[in-house]
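One structure below.
The values are calculated or read from the model by the stated rules, or taken from the named source; none is laboratory data. No experiment lies behind these values; they were computed from the predicted model shown. Virtual Cβ from ideal backbone geometry, glycine too; neighbours counted across all protein chains shown. Remember, those area values only see protein heavy atoms, side chains included, never the ligands or the DNA or RNA. Shrake-Rupley method; radii C 1.70, N 1.55, O 1.52, S 1.80 Å.
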Amino acid sequence: MAHIVQIGKRRWLLGMTWASYEDVPHKSELREDAQRLSATWTSLRVGEDCVQGGFCSAVEGAKVSGLYSLAAMLADSRKQPWLGIFRIHPEQDLWWYVAVRDGHAILPDGDVVGGREEIVAARERHSGYTDWNYVEGQGIGDLETLIKEVNERPTPVRSLEKNPHLPAYVAAAVVGVTAATGGYWWWQQHQIAEAAARRAAMERMREQINQGAPVNLQAAPTAAMTIPHPDDVLQACGNAILHLPIAQDGWLFDKVSCDSSTATVVWARKDGATVEFRPSGDLSADGDAVTQTIPLRLEQRSRDDRIRLREAEDRLRSWAQAASFKLNLRPAPQPTVLPGSDPTQITQAQPTTSVAIDIKVSPFGLDLSDIPGLRLTGIQNVGSGAGWQLTGELYGR
């Protein structure tokens, strides 16, 4: 939900959804995008490196006259990619989050206003990118200082509902151009479609694939039973890190990883932060990082849900393909028979395959319950826009 704040002599709008275009869009295209997003207000940002439209529903009781987009005003003001977290009122739970990347483009969901939980959720959506330049602020005064550093004219907000004709410069700027949604916007919509396809594929598999052989209670113990199920690990890892603040005494949440028993968070020191006031954890030798370890308190055991390894690999591969995730499977080496040894006396290792899954989205909402024998031993954000990597083992019979 959008929000209006008074900064200096101007009113600024926070909390718009942004779409990118190859060129200045025609007014009909802005209207189509606004209708698709159930928006009645828009702000057209024409910068040196990108053209964007911001959209939101009207703020009740407010007028657009003399109203400007704060994200559009500040997007070009810092070295990209940059991420800003500002507490609008130090005494209130009202924050603003802005995320700007390639071409100084505001991410589609990179202009968010709300309470701390909403800001943490917004930051988590972009946690796969770890190359951010961070900007922090406390109160309206810090935002006013940033605005004064910008020499460009502010970008006005227009009402599509009350003003059926957009400004003439929009309509006349281009004739016959085709506006195309930018990469970030396409990626977001693509993920929604792929998630639906993944769910449909898993439903088909439930009907078509045998659910696996029943558990043999007399069978030899397996390593799979000494590790929690993957969904339990994902949930515990998410519960451990998603409630953490984005910033603490000038130290910023930088990297995170989990195994089946602990979550490890690395806090990076930013300008103004000192080791005197820092998050709990182990301080690095150079004093610029703190490593915090959080126990997940998971019971280190699970039921034996293994099936034939080849069938389990096929299920995992189908799941990854449906979601466009990168999957790497590496079978475990078989025991070597030494010269002079009796091959019949060699103990055969339990079938297993090492697994690595690279994904671009947050992993904490994934459902891995349809992959029998899968156990996660590592969850890590890999940085530089690469997203997350899940590692583990796939155990079979």
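Data for the structure
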| read-out | value |
| --- | --- |
| The lone exception for G47 - which of (1) under 20 Å from H89 (Cα atoms); (2) in contact with an Asp or Glu (Cβ under 7 Å, 6 or more places away or on another chain); (3) open to solvent by less than 30 Å² (accessible area, probe 1.4 Å) it fails | (1) |
| Cβ-Cβ under 7 Å pairs, at least 6 apart or on other chains, the range 313-326 side more than 17 Å from P230 (Cα to Cα), far side open to solvent by 30 Å² or more (accessible area, probe 1.4 Å) and of a type in the set (G, A, S) | A322/A197 |
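Here's the yes/no breakdown for (1) modelled with pLDDT under 90; (2) in contact with a Leu (Cβ under 8 Å, 6 or more places away or on another chain):
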{"position": "S57", "(1), (2)": "no, no"}
{"position": "K79", "(1), (2)": "yes, no"}
{"position": "E124", "(1), (2)": "yes, yes"}
{"position": "N163", "(1), (2)": "yes, no"}
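Residue-wise test of (1) touching a strand residue (DSSP E or B) at 6+ places or on another chain (Cβ under 9 Å); (2) crowded, with 20+ Cβ neighbours inside 10 Å; (3) hydrophobic (A, V, I, L, M, F, W, C).
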| position | (1), (2), (3) |
| --- | --- |
| W12 | yes, yes, yes |
| A62 | yes, no, yes |
| R78 | yes, no, no |
| R87 | yes, yes, no |
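The rows are residues; the columns are (1) at negative phi; (2) modelled with pLDDT under 65; (3) of a type in the set (V, I, T).
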| position | (1), (2), (3) |
| --- | --- |
| S324 | no, no, no |
| A332 | yes, no, no |
| P343 | yes, yes, no |
| Q350 | yes, no, no |
| V355 | yes, no, yes |
| K360 | yes, no, no |
| F364 | yes, no, no |
| N381 | yes, no, no |
| S384 | no, yes, no |
